[in-house]
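First the structure, in the form of structure tokens, and then the observations on it.
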Amino acid sequence: HWPGVDTAMQALLCRRPRAALRHLPPATRAYLAAGQQQVAPSGARAKIAAWIVGGSPLYTEVIARQGFDAVVVDQQHGTGEVVPLLQAIDAARDAAGNAPLAVVRIEELSDGAIAKALDAGAAALICPMINSVEECEAFVRATKFPPAGHRSYGPHRAALGWEGSRGDWTRASNACVQSFAMLETRGALEDLDAILSVDGLSG
């Protein structure tokens, strides 16, 4: 439960997005503001992401309007299915102002799960339980079209509005889609440096 989201949603539905932000508790607003000031060791500003475990596009849109850098739609431990996933991604992408990055944590390392999320329009994926270099390489390849990978072509939502050729779109997708590996076991941590060095992995 995100504090104040019910009142914020009511304000949004009344077409008052600024009021929606004001209804969030002071601690929540301060947390968002503080995130804008944090700096990573590399010198880059720290990123703040909201984590969505439900399937409601309304709640996703409300949260997407609150100033986060990214909105993660959780398909591993969340309750959403394919249609709510599509709606949730659309809600995040259509947020007024600086829309956050639409991110999906897929339920498992599988070509099908990866394709569904990317075809629905996700800009980035998080894959749980990456335990080896081989698994990480398989994950990255599944996010890329040939010759960089083996992603199947079928972007029912992702390519809407694209005015160039299909080849140009696949090349643009290969260049833009971000992939993040989630390391959750001792074995993965022991192989951390090698996993992070996988070509094409975003982080």
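The values are calculated or read from the model by the stated rules, or taken from the named source; none is laboratory data. Just so you know, these numbers come straight off a predicted model, no measurement behind them. Here Cβ is always computed from backbone atoms with ideal geometry, including for glycine, and neighbour counts include all displayed protein chains. For the accessible areas, the whole protein counts, side chains as well, though only heavy atoms, and no ligand, DNA or RNA atoms are used. Shrake-Rupley method; radii C 1.70, N 1.55, O 1.52, S 1.80 Å.
Below are the figures for this structure:
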item	result
Whole-number accessible area per residue in Å² for the stretch 101-190, which is evaluated in the context of all protein chains at 1.4 Å	48 Å²
Net charge of neighbours whose Cβ lies under 14 Å from the Cβ of PHE180, counting Lys and Arg as +1 and Asp and Glu as -1	-2
With every protein chain in place, the stretch 99-203: carbon and sulfur % of accessible area (1.4 Å)	52 percent
